[in-house]
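Worksheet: the structure to be examined is printed underneath.
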Amino acid sequence: MPEPAETVSRHPRDDVAGLFDLTGRVAVVTGATRGLGLAIATGFAHSGAELVVVSRKAEACEEVVASLRSEGANAIACACHVGNWESIDGLVDRVYREFGRVDVLVNNAGISPIYDKPSDVSEALFDKVIAVNLKGPFRLAALVGERMLAGRGGSIVNVSSIGAVRPTRDIIPYAAAKAGMNAMTVALADALGPRVRVNALMPGPFLTSIARQWDMNRFAERARTFPLRRAGLAEEIVGAAIYLASDASSYTTGTVLTVDGGAQWSMPGAGDAKPDL
Ligand SMILES: NC(=O)c1ccc[n+]([C@@H]2O[C@H](COP(=O)([O-])OP(=O)(O)OC[C@H]3O[C@@H](n4cnc5c(N)ncnc54)[C@H](OP(=O)(O)O)[C@@H]3O)[C@@H](O)[C@H]2O)c1
C-alpha cells in the first residue's frame, strides 16, 4: 500500500529562500557571453553557483569569467561550438576533469538567421540552424545527463522559443528546431528521470542582440497587442531559470515554461492596439 500523501510542507517557512540557493552547484551555461545566457550565468553566480561559461569565442568567455570572478564567483571559460559534436565531447571531458561533476546544464546557445523567402534557405543554413538549436543541445544533454544520472542527479534547462508554438514565415527552420527541442525535453525527462530533471524555458521577444534584426517600428506595433505591452529584458529570464535549476522545482520535469509577457496570446486588436490593426 502506498503511504498516504504528505500533507505538511517539507520546507519550513525559514527555508523558502534556500529552495532557490545554488551554492556549490556546478552550472554549465552555453551562449553565456551575451543576452539571456549572460543574464542566466550571472544570476546563477549570484545564487552561489560555480560557472562554466561557454560560447564559440574564447576571448568573450574569458571576459565574462573575469567579471564573475571579480564578484567572488568560481568560473571557468570553455570555448565550444555547440553545433559540433566533437567539440561538445571535448567540452564535457574538460568540465568533468576540472569539476568532477555538473549539477545544472543550460542549453541556451541558439541562432535565428534571417532570410527573405523559404527557397532562400540553403541546405547548409538549414543544417546549421538544426545543429546549433537542436542536435548540439541533444548531444550535450545526453552526455551530461547520463553522468548526472550515474552521479548525484541534476537539472537540465533547454532554452526554446515561442516560435516553437507560434511559428512564422521568417523563422521556419528555427521554429522547427525549437519545436523539436520542446519534444526532446519531454523525452529526455523520461530517459533521465527520476534523478535528473529536464525542463525548457520558452522565451518570447527579448531585447538581446537577436533583436538587432527586428524592424523596431513593426515590433512596437505588435507589442501593443501583448498582455504586458513590451519586449522582455534579459534579466527577466533569470527568476524562471533559477527556479528550474534549483530545488524550488523539485517536482517539475518535462515541462515547458513560457516567459513571454503573454506575447504568444497576442491578437490583432488586443491590448493597446488600434482597432484597425
Ligand atoms: N532574444 C529573444 O528574443 C529570444 C526569443 C526566444 C528564444 N530565444 C532563445 O534564447 C537563447 C539565447 O538568445 P539570445 O537572444 O540571448 O541570443 P544572443 O544575444 O545572440 O546570444 C547568443 C549566445 O550564444 C552564443 N552562441 C551562438 N552560436 C553558438 C554556437 N554555435 N556555439 C556556442 N555558442 C554559441 C553566442 O556567443 P558567440 O557568438 O561567442 O558564440 C552568445 O553568447 C537562444 O537559444 C534563442 O533562440 C531568444
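The values are calculated or read from the model by the stated rules, or taken from the named source; none is laboratory data. Computed from a prediction, not measured in an experiment: that's the story for all the values here. Methodologically, a virtual Cβ is constructed for each residue, glycine included, from the backbone with ideal geometry; neighbour enumeration extends over all protein chains shown.
What's the number of the condition ARG222 fails, among (1) surrounded by 14 or more Cβ atoms within 10 Å (Cβ to Cβ); (2) part of a loop (DSSP other than H, G, I, E, B)?
For ARG222, the failing item is (2).
Tally up the residues in the stretch 102-113 that are crowded, with 22+ Cβ neighbours inside 10 Å and within 15 Å of the ligand (Cβ to nearest atom), please.
Qualifying residue count for the region: 6.
Could you count how many residues in the stretch 52-70 are among the basic types (Lys, Arg) and under 18 Å from the mean Cα position of the chain (by Cα)? Reasoning before the result, please.
So in the stretch 52-70, the residues among the basic types (Lys, Arg) come out as 56-57, 69.
Remaining after also requiring under 18 Å from the mean Cα position of the chain (by Cα): 56.
Looking only at that region, the number is 1.
With respect to the numbered conditions (1) farther than 21 Å from VAL186 by Cβ; (2) within 13 Å of the ligand (Cβ to nearest atom); (3) surrounded by 15 or more Cβ atoms within 10 Å (Cβ to Cβ), which one is the sole condition not fulfilled by PHE99?
(2)
Taking the stretch 143-194 only, how many residues are part of a helix (DSSP H, G or I), of a type in the set (Gly, Ala, Ser), touching a residue at least 12 places away in the same chain (Cβ under 8 Å) and under 24 Å from ASP93 (Cα atoms)?
As a first pass, look at the stretch 143-194 and keep what is part of a helix (DSSP H, G or I): 143-150, 162-164, 169-192.
If we keep only those that are of a type in the set (Gly, Ala, Ser) too, we end up with 145, 150, 163-164, 175-177, 179-180, 183, 187, 189, 191.
Going one step further and asking which of them are touching a residue at least 12 places away in the same chain (Cβ under 8 Å), we end up with 145, 163-164, 175-177, 179-180, 189, 191.
Next, from what is left, pick out any that are under 24 Å from ASP93 (Cα atoms): 145, 189, 191.
Total meeting the criteria: 3.
Listed residues ASP93, ASP127, ASP116; which is free of Cβ contacts under 8 Å to residues at least 24 places away in the same chain, surrounded by fewer than 24 Cβ atoms within 10 Å (Cβ to Cβ) and not in a helix (DSSP H, G or I)?
Just a single option satisfies the conditions, and that option is ASP116.
Which of (1) modelled with pLDDT of 95 or more; (2) more than 16 Å from the ligand (Cβ to nearest atom) is the odd one out, the single condition ALA177 does not satisfy?
Unmet condition: (2).
Within the stretch 195-219, which residues are part of a helix (DSSP H, G or I) and either exposed (fewer than 13 other Cβ atoms within 10 Å of the Cβ) or free of Cβ contacts under 8 Å to residues at least 12 places away in the same chain (or both)?
The answer is SER209, ARG212, GLN213, MET216, ASN217, ARG218.
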